[in-house]
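The values are calculated or read from the model by the stated rules, or taken from the named source; none is laboratory data. Note that the structure is a prediction, hence the values are computed from the model and not measured. When the accessible area is computed, the model is the full protein with side chains, heavy atoms only, and any ligands, DNA or RNA have been set aside. Shrake-Rupley method; radii C 1.70, N 1.55, O 1.52, S 1.80 Å.
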Amino acid sequence: MNDRISYEEKKELPDSVFGLPERREYPMPDAAHVRAAEAYFRYCPEDLKPRLARAILERAQEFGVDVESPVVRSYAEQ
């Protein structure tokens, strides 16, 4: 599976799979997308990074993904 979701596929996803549900950004319906969210984390607005980091770690745990980024881990602790 790749880390690209079409607009139509994204519209079908529930809010609960997004790292930032109110913005419907950083979809993480599977392990590949958890890794993509980690990779694109640096583009997240600074004030939203702690919440996104916690969401990434939560979804990673669900899918058995190791989050290697110390930056994501440090924001999750804020």
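Shape class for the stretch 1-43, computed from the alpha carbon gyration tensor (a ≥ b ≥ c): oblate, with a/c not under 1.5 and a/b at or below b/c. Rolling a 1.4 Å probe across the protein heavy atoms gives the stretch 26-70 an accessible surface of 54 Å² per residue.
Converting phi to 3J(HN,Hα) with the Karplus coefficients 6.51, -1.76 and 1.60 and the offset θ = phi - 60°, the stretch 70-78 yields x, 5, 4, 4, 5, 5, 5, 7, 6 Hz in sequence order, with x at every glycine or proline. Ordered by 1.4 Å accessible area with all protein chains kept, 10, 49 run largest first as 10, 49.
Result for the chain in a Gaussian network model with C-alpha springs under 10 Å: among 24, 42, 59, the largest mean-square fluctuation is at 42. Counting only protein chain heavy atoms and rolling a 1.4 Å probe, the accessible areas of 38, 68 rank, largest first, as 68, 38. Enter the accessible area of residue 62 (Å², nearest 10), with the probe set to 1.4 Å and all protein chains included. Its heavy atoms expose roughly 110 Å² to the probe. Within the accessible surface of the chain, defined with a 1.4 Å probe on protein heavy atoms only, the carbon and sulfur portion equals 49 percent. When a/c is below 1.5 the answer is rounded, else prolate if a/b is larger than b/c, else oblate, so apply that to the stretch 9-78 with a ≥ b ≥ c taken from the square roots of the Cα gyration tensor eigenvalues. It is oblate, given that a/c is not under 1.5 and a/b is not larger than b/c. For the stretch 22-75, the relative contact order comes to 38 percent (Cα pairs under 8 Å, sequence separation of at least 6).
Solvent-accessible area of residue 65, all protein chains in place: 10 Å² (probe radius 1.4 Å, heavy atoms, ligands and nucleic acids excluded).
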